[in-house]
1. In whole percent, and with a 1.4 Å probe on the protein chains, what portion of the accessible area of the chain is carbon and sulfur?
2. List the relative contact order of the chain as a percent without decimals, with contacts defined as Cα pairs under 8 Å and 6+ residues apart.
3. So what's the gap between the Cα centers of segment 79-147 and segment 184-212, to the nearest angstrom?
4. Leaving ligands, DNA and RNA out of it, rank Arg310, Arg365 by accessible area with a 1.4 Å probe, largest first.
5. Along the Cα→Cβ direction, 7 angstrom out, place labels at Asn40 and His309. What is the inter-label distance in nm?
6. At 1.4 Å probe size, with every protein chain present, just tell me what the per residue accessible area of segment 85-236 comes to in Å².
7. Along the Cα-to-Cβ line of Asn322, 7 Å from the Cα, sits a label point; which residues in segment 348-388 have backbone N less than 16 Å from it?
8. Under a no-solvent Debye model with one identical scatterer per Cα of the chain, what's log10 I(q)/I(0) at q = 0.08, 0.09 Å⁻¹?
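The values are calculated or read from the model by the stated rules, or taken from the named source; none is laboratory data. These figures come from a predicted structure and were not determined experimentally. Virtual Cβ from ideal backbone geometry, glycine too; neighbours counted across all protein chains shown. Calculation scope for accessible area: heavy atoms of the full protein, side chains included, ligands and nucleic acids excluded. Shrake-Rupley method; radii C 1.70, N 1.55, O 1.52, S 1.80 Å.
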Amino acid sequence: MKHLLLLLFISISTFSLWGQTIARFEADAGITDRRNVYVNAHIKNEHKYKDKYFQLFEVVENGEKQVPVQIAQSDELRVWWKIEGPLKQGKIRFFELRISDTKPDNIKTSIQKNDQSYVLFNGYQPVLYYNHAKASLPEGVDTAYSRSGYIHPLFSPSGKILTMIQPPNHIHHYGLWNAWTRTIFKGQQVDFWNLGDKQGRVDYTGTISTIQGDIFQSLTTLHHHIAIDDKNTGSKALNEELEIKVYNTGRRVNMIDYTTTYNCAHRDGLFLEEYRYGGFVFRGNENWNGNTVDILTSEGRNQDNSDGHRARWCLINEKGENPSGILILSHPTNFNYPEPLRTWDSQANGGQSNIFINFCPIRNRSLEMVFGNPYTMQYRIITFDGRRTKEQAEHEWLNFSNSPQIKVVQ
C-alpha cells in the first residue's frame, strides 16, 4: 500500500507540473507519533511568484484534498500548514503546492488595534491583549512603575483571564512579560525589572509588522531596554524584537509562540549577572494559589519543590469544576537550556495569588551579551479548558522542540 501511494503521489505530481505545481513536500513524523501538528517549509522564490495565489493539496490514497495554507514571500517562499489527524512514526504524508488563479476567501480572524492594545484572535475568540501603551496606575503610585510591551489579559479558550498585573505588593508585575535584573551596562549596575528602583525600564517603541492568515496571526514589535543614570537620563542598552504568533487552532485550545531576539544597542554590550530571577515571566490569575491549582514540571516537580530546578515545560491545572489551565514550553535553543525556574511555593505571598513562573536562564549562570550578536529566546504558551496530563504536555513539547521533518522537492 505504501508503494502504491508513492506511485500515486509521483503520478499526480508529474501531471500537475503542467498545472504549475511548484513544490512537493514529504512530511515524516520523525522521533515520535504526531497529531494535528503545525509545520513549515522554505522553497526558492527568486521573485517569479510575486503577486500569485497558492493552494496546497495533500495526496491521499483516493486522490487529493485541499489543505489550508499560509505563504510569506521574500527571497524565498515560506509555507505554513497544519497536518490534520495522526502522523505516525515511520509514516510519510505527501503534499503539493500549486499556483492558483483563485483568490483566497477573506480571512475570518484578525488583529485589532486600539489606543491601548493589539488584540490577537483564534477564530472569533480573543486570545490575548498585547499592550503597546503604558499601563495606567492606581492612584498615588509612582509613574516609574508603569510599563508597556506586555501581555494581559491572556485568555483560556472559554474566555477565563489567566494573568494578572500590578498586584499591590508587586506593582511591577505585568501578566506575561520579560525583563532582566542585575546587569552591568557601561560599568554601572542596571535593573530593568524592579521599576521602582528607577535604574532601568522596558518601553514599546514601535510595531515592525502584523501578519494575518489562515494558519496564524502574528505581531512583531520593538522594545527598547533603557538604562537610567543618576541624572535621570536614559540610554538605550538593548533592542528587543518580540514576535507573538497566535495559531488558528479552533475552539478547544489556544497556542501562542513567544519569540524575543535581543541585540545590544551599545558597543560595550550588556552583562547579565547570575541571579535568582529575570527573563520570561508568567504571573497567574489573582485567584490562583496552592489550593486552587496544581503545578507540574517536566521533571515531576510541583509548586513547593520546583524553585531553582531546571524544566523543559511547566503545566498549571485548575482544580474544581470547569477548570482551565496553561502549559509553558521552553525551546532547546534557549540559553542555559533546560532553564532553571524561579517559582513561589504555596505559602508565599500569604498563601494567596502566588502562581509565579519565571524561566530564568541566569539563575545559575551569567550571560555576557556582545554587541553585534543576536540572542533569541523561544517559548510556546498553550491555554486550554479542562485538564492536561504529563503525557499530553510531553507530546506538546516534542512538537515544539523537534518538529516533523519536511523534505522539499522542487
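1. Exposed carbon and sulfur together represent 46 percent of the surface.
2. In percent, rounded to a whole number, it is 15.
3. That distance is 24 Å.
4. Arg365, Arg310
5. 3.4 nm
6. 46 Å²
7. In segment 348-388, the label zone of Asn322 (backbone N under 16 Å from the point 7 Å along Cα→Cβ) covers 384-387.
8. -0.48, -0.60
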